[in-house]
Every structure is written in structure tokens, then in C-alpha cells.
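Here the structure comes first, spelled out in C-alpha cells, and everything after it is commentary.
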Amino acid sequence: MILMGDIIREGHLTLRTRAEEVTFPLTEEERNLAHDMLEYLINSQNPEMAEKYGLRGGIGLAANQVNSLKRMFALHLADEKGEQLSFVAINPKIVSHSVEQTYMTSGEGCLSVDRHVPGYVPRYARITVKFMTVDGEEKKLRLSGLPAIAFQHELDHLNGVMFYDRINEKDPFGEIPNATPYERN
Ligand code: NI
């Protein structure tokens with residue numbers, strides 16, 4: 001079971017290192033990692049489990065954050081229509097994206113960052129993505145809103161990029177061109 005103590009924080013080199021492609025079939029260790037990352041997110045959103053184990057709530061977790069350089073991340077969140085999205089993406093890719101951008105009006109947060117970093121993080125408003133499942137099946141999804149933002153945040157982790165790298169240093173709340181803001185309830 002992954003606990004907060006297993007999640008590395010900013011300043012750790014693994015967060016700045018590009019994760020490597022995973023080959024199939026997965027090893028048992030890789031399968032366990034995939035399972036444990038998704039399990040962390042599910043537990044962290046369950047008030048009793050979060051309280052019991054001291055878990056900070058999260059909707060996404062990348063392998064880099066548990067000090068593993070495998071190209072995989074977990075997402076567990078509800079989309080605009082309240083539909084639950086819950087999966088582990090292996091070797092994920094953005095195959096196309098909108099010209100339109102978006103950003104969270106409240107900024108982004110990260111389980112590896114123990115501080116609030118103010119500023120808008122520009123993201124594509126809509127993306128089409130491909131990834132492999134744990135069982136080696138290829139998935140193709142169209143995402144928008146929060147799922148699209150979260151997917152891009154996690155994919156950045158696999159490339160050694162932190163969300164605040166994308167904030168305009170000189171003008172953190174400056175207008176993002178061609179963007180519709182995303183307001184999280
Ligand atoms: Ni993060």
C-alpha cells in the first residue's frame with residue numbers, strides 16, 4: 001500500500017527525470033505498482049481511509065512520484081457529467097489536441113508539492129490520447145475539462161516536468177491566449 005511517506009517531493013531528481021517506456025507483458029512488480037497507484041487515489045478520496053492512513057487527496061499519481069521511472073500513471077476522477085474515470089495509463093501519448101486552451105482558475109496542485117503555487121497552468125482544452133492498459137490492450141480516449149487537465153499534468157510527470165514550470169513567472173495570472181477557464185466545484 002502506498003502511503004504519503006512513499007511519495008517523493010519536489011527537489012528529488014526522479015521528478016526531473018524522463019520515465020522509460022514499459023514493455024509487455026508487465027512484470028509482477030509493474031502490475032503491483034499500477035494497482036497500488038490507483039488504490040492510493042481511491043483510498044485518498046475515501047474520507048475514512050484518508051483519515052486513517054493520513055492520505056492527501058489526489059486524482060492522479062505518476063510512477064515518478066513513487067520513485068519509479070516507468071511510463072505509467074493512475075487517474076481516478078469524475079468528469080463533467082459525473083461519470084467516473086478510473087484507469088492506469090501505460091506508455092500514454094497525446095495523439096491530437098485542440099487549439100483552444102484551458103487552465104484551472106484555482107491553479108494546480110500536486111502530491112509531490114507541499115505548498116500552494118499560485119498561477120495559471122495552460123493546458124489543451126481537449127485531447128485525444130492513447131495508452132496501454134495493464135493487460136496490454138490499446139485504449140483511445142477523448143478527454144476534456146478536468147480529465148484532460150489531469151492527464152496532461154500526469155504525462156508531464158513522466159517527462160520530468162512539474163506543473164509550475166508552465167506558469168508564466170513574470171505574470172502568473174496573465175491572460176492565457178485562446179483559453180476557456182476551468183472552474184472546479
Ligand atoms: Ni503532480
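The values are calculated or read from the model by the stated rules, or taken from the named source; none is laboratory data. Predicted, not measured: the structure shown is a model, and the values here were computed from it. We place every Cβ from the backbone using ideal geometry, glycine too, and count neighbours over all the protein chains shown. Protein only, heavy atoms only, side chains kept; ligands, DNA and RNA dropped before computing areas. Shrake-Rupley method; radii C 1.70, N 1.55, O 1.52, S 1.80 Å.
Quick notes
- Cross-link partners for Lys81 among the lysines, with Cα-Cα distance under 26 Å and sequence neighbours closer than 8 places in the same chain left out: Lys93, Lys130, Lys139, Lys140.
- For segment 24-101, trypsin sites (Lys or Arg not before Pro) are listed when DSSP marks them as loop and at most 10 other Cβ atoms sit within 10 Å of their Cβ; the list is Lys81.
- Dividing the summed helix terms, -39500 (n - 2.57) for each DSSP H run of n ≥ 4, by the number of residues in the chain produces a 222 nm estimate of -6500 deg cm²/dmol to the nearest 500.
- Residues of the chain: accessible area per residue with a 1.4 Å probe, Å²: 53 Å²
- Accessible surface of segment 39-185, 1.4 Å probe, proportion on carbon and sulfur as whole %: 46 percent
- Summing charges over neighbours of Asn91, with a neighbour being any other residue whose Cβ is under 10 Å away from its Cβ, gives +1 when K and R count +1 and D and E count -1.
- Summing charges over all other residues whose Cβ lies under 14 Å from the Cβ of Arg71, with Lys and Arg as +1 and Asp and Glu as -1, gives -1.
- The GNM of the chain, with springs linking C-alpha atoms under 10 angstrom apart, assigns the highest mean-square fluctuation among Pro92, Pro25, Pro147 to Pro25.
- Quotient of C-alpha Rg and 2.2 N^0.38 Å, computed over the chain: 0.99
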